[in-house]
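Asker: One structure, as structure tokens, below. Some questions next.
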Amino acid sequence: MIIGSREFLFDGREPRAYAMGILNFTPDSFSDGGKFLDHEKALARALQMESEGADLIDIGAESTRPGSSPVSEEEEKRRLIPVLKKIVPELKIPISIDTQKASVAAAALEEGAAMINDVSALGDEEMAAVVSRHRVPIVLMHRKGVPATMQEHPVYEDVVRDVLSFLERKIRRAVDLGVDREKILIDPGFGFGKRFEDNLTLIKSLEALSVLKAPVVVGVSRKSFLKKIFGPEDGNLLIGGAAAATLAVKSRVSVIRTHDVAPIKAAIRLALSVEFS
Ligand code: HH2
């Protein structure tokens, strides 16, 4: 699959998995300093992740964590577009945009972004037209409910079956709306309307996603189920995230979305060495 100017090998013929560095351009992430400084900080962080071996950077301007509230289209663009103008010319690796809004995606793609990460999996169906017009890949993620309330009472009879049938339906819908099947990635959505035990079941069952014949992305970095195992301290969470990434890559996951690129690259290297030894 081509993302930006780079080729990503997702077909399993070669031992590959990739690290997607997270850059959250939300007020709580880059709160101190003036606007210019924020952009400088964001650029410095993106370049640091690139130097640590990130294969792509995922930029988000709307938090989707449990309990978070949506931001308006205007506010999301106001945050995102200036930072993209700053970062795109400086980065060699492609930039993905974490947004649920087609208009935000369109504006970001105009600025040189190369992929869309849609945690609502076409909650805004215009998104399909936007990605097909720009011929860029899209990540379709499973979630149950919306961020403000999704962790209140998530219940599944069979979480793996639910995730599979949801993603299968979303892939079909995307294709019906004109998205190139070869440009779809999928994500089981760790922490998005999932109980602790659901997240663990999903980690155990990641290989089951291969029936959908799309590269799998996972985001486990600093999620609350890891906090439950490792405690809230950053260092422990980082180690826990790397351990979870090792399991994920061993289960044929192609992209790990992470705040901690260097340890995740090490985890990927270890898992691939074992898997393809
Ligand atoms: N998780 C978050 C945001 N976007 N995208 C994908 N594809 N998969 C994920 O698991 C995922 C995601 C939430 O995590 P984070 O970016 O740390 O928080 P926030 O949404 O507050 O920026």
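Asker: Could you grab the pairs with beta carbons closer than 7 Å, sequence gap of 6+ or different chains, first residue in the range 186-199 and within 12 Å of Ser224 (Cα to Cα), second one within 8 Å of the ligand (Cβ to nearest atom) and among the hydroxyl-bearing types (Ser, Thr, Tyr)?
Answerer: So the pair list comes out empty.
Condition check ((1) within 15 Å of the ligand (Cβ to nearest atom); (2) in contact with a strand residue (DSSP E or B) (Cβ under 9 Å, 6 or more places away or on another chain); (3) open to solvent by less than 50 Å² (accessible area, probe 1.4 Å)) across all residues:
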{"position": "Gly178", "(1), (2), (3)": "no, no, yes"}
{"position": "Leu206", "(1), (2), (3)": "yes, yes, yes"}
{"position": "Lys213", "(1), (2), (3)": "no, no, no"}
{"position": "Gly219", "(1), (2), (3)": "yes, yes, yes"}
{"position": "Ile256", "(1), (2), (3)": "yes, yes, yes"}
{"position": "Val261", "(1), (2), (3)": "yes, yes, yes"}
{"position": "Ser273", "(1), (2), (3)": "no, no, no"}
{"position": "Ser277", "(1), (2), (3)": "no, no, no"}
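Asker: Are there any pairs with C-beta distances below 7 angstrom linking a residue in the range 242-256 that is farther than 16 Å from Gly21 by Cβ and among the polar types (S, T, N, Q) to a residue that is modelled with pLDDT under 95 and part of a helix (DSSP H, G or I), with the two at least 6 apart or on different chains, and if so which?
Answerer: The qualifying pairs are Thr246/Leu270; Thr246/Ala271.
Asker: Quick check: anything in the range 140-150 over 30 Å from Leu47 (Cβ atoms), open to solvent by less than 40 Å² (accessible area, probe 1.4 Å) and touching an Asp or Glu at 6+ places or on another chain (Cβ under 8 Å)?
Answerer: Checking the range 140-150: at least one residue is over 30 Å from Leu47 (Cβ atoms), open to solvent by less than 40 Å² (accessible area, probe 1.4 Å) and touching an Asp or Glu at 6+ places or on another chain (Cβ under 8 Å).
Asker: Continuing with this model, one more query. Any idea which of Arg195, Arg222 is in contact with a Gly (Cβ under 7 Å, 6 or more places away or on another chain) and among the basic types (Lys, Arg)?
Answerer: After ruling out the rest, the residue left standing is Arg222.
Asker: Regarding the range 152-162, can at least one residue be identified that is part of a helix (DSSP H, G or I), touching a strand residue (DSSP E or B) at 6+ places or on another chain (Cβ under 8 Å) and not small (Gly, Ala, Ser)?
Answerer: no
The values are calculated or read from the model by the stated rules, or taken from the named source; none is laboratory data. This structure is a prediction, so every number in the text was calculated from the model and none was measured. Cβ atoms come from the backbone with ideal geometry, glycine included; neighbour counts cover every protein chain shown. Heads up: the accessible areas ignore ligands, DNA and RNA and are worked out on the full protein's heavy atoms, side chains in. Shrake-Rupley method; radii C 1.70, N 1.55, O 1.52, S 1.80 Å.
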